[in-house]
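So the structure is just underneath, and the comments pick up after that.
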Amino acid sequence: RRNFAHLSKKQEATSDDRSYGSRHAAREKEPHAYPYLVLTWGEHMEAALAETSDSLLGRTQRYWQRWVKHGAVPTGLADRLQRHVIRSALTLKLHQFEDTGAITAATTTSIPEYPGSGRTWDYRYCWLRDAYFTLAAMRQLNHFEEIEGFVSYLANIAACSDDQLQPVYGISGARELT
């Protein structure tokens, strides 16, 4: 098996590029305005890179737009605050492992308890206490499918537990973590 990384064209980008908004608007009219990065596993991509990338990007955008649309942002927020609530909700949604319903605490690992401490926590696991806070936010936003997914995950863990739950599990429900 091989991994492929492919950029369709070279283009410099900087983090302080102030023309992003205008370039983003131009993207609607000019489909191939940005470089593509495609990672595949196994066989290489048979279809045309640009068309396939545009199609997958469109599907991804529609998925997330639908997800946001089916939620309920609390009323009474200023427009600028609604954008932040939606962005935060999207970030929380990305922490749920769709296959099992597990919710990770963060997409990072090895954050020290405090600077210079020997104790670090791995937030890629499902910490039950932290998952509660994500679920509470999802409830307020009326995203109940995520809650149902987690309840199913928790039921599977409880069915395999001796007598009590531990504070952290793997995203597949594993009790032993390495």
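Residues being over 29 Å from H143 (Cβ atoms), of a type in the set (A, V, I, L, M, F, W, C), open to solvent by less than 100 Å² (accessible area, probe 1.4 Å) and modelled with pLDDT under 75 are represented in the range 26-47 by at least one member. If you filter the range 82-114 down to residues that are small (G, A, S) and out of contact with any helix residue (DSSP H, G or I) (no Cβ under 6 Å at 6 or more places or on another chain), you find that the one that is nearest to F144 (Cα to Cα) is A89.
Being in contact with a Leu (Cβ under 7 Å, 6 or more places away or on another chain) and at pLDDT 85 or above is the requirement here; does G58 meet it? For G58, the condition - in contact with a Leu (Cβ under 7 Å, 6 or more places away or on another chain) and at pLDDT 85 or above - is not met.
Which residue out of T109, T104, T100, T120 is of a type in the set (V, I, T), closer than 17 Å to A174 by Cα and touching an Asp or Glu at 6+ places or on another chain (Cβ under 9 Å)?
Values: T109 fails: closer than 17 Å to A174 by Cα; T100 fails: touching an Asp or Glu at 6+ places or on another chain (Cβ under 9 Å); T120 fails: closer than 17 Å to A174 by Cα.
After ruling out the rest, the residue left standing is T104.
For (1) of a type in the set (D, E, K, R); (2) over 28 Å from T120 (Cα atoms), each residue gets a yes or a no:
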{"residue": "F133", "(1), (2)": "no, no"}
{"residue": "M138", "(1), (2)": "no, no"}
{"residue": "E148", "(1), (2)": "yes, yes"}
{"residue": "S152", "(1), (2)": "no, yes"}
{"residue": "A155", "(1), (2)": "no, yes"}
{"residue": "A158", "(1), (2)": "no, no"}
{"residue": "Q164", "(1), (2)": "no, no"}
{"residue": "Y169", "(1), (2)": "no, no"}
{"residue": "T178", "(1), (2)": "no, no"}
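The values are calculated or read from the model by the stated rules, or taken from the named source; none is laboratory data. Predicted, not measured: the structure shown is a model, and the values here were computed from it. Positions of Cβ are backbone-derived with ideal geometry, glycine not excepted, and every protein chain shown enters the neighbour counts. The accessibility values were calculated without ligands, DNA or RNA, using every heavy atom of the protein model including side chains. Shrake-Rupley method; radii C 1.70, N 1.55, O 1.52, S 1.80 Å.
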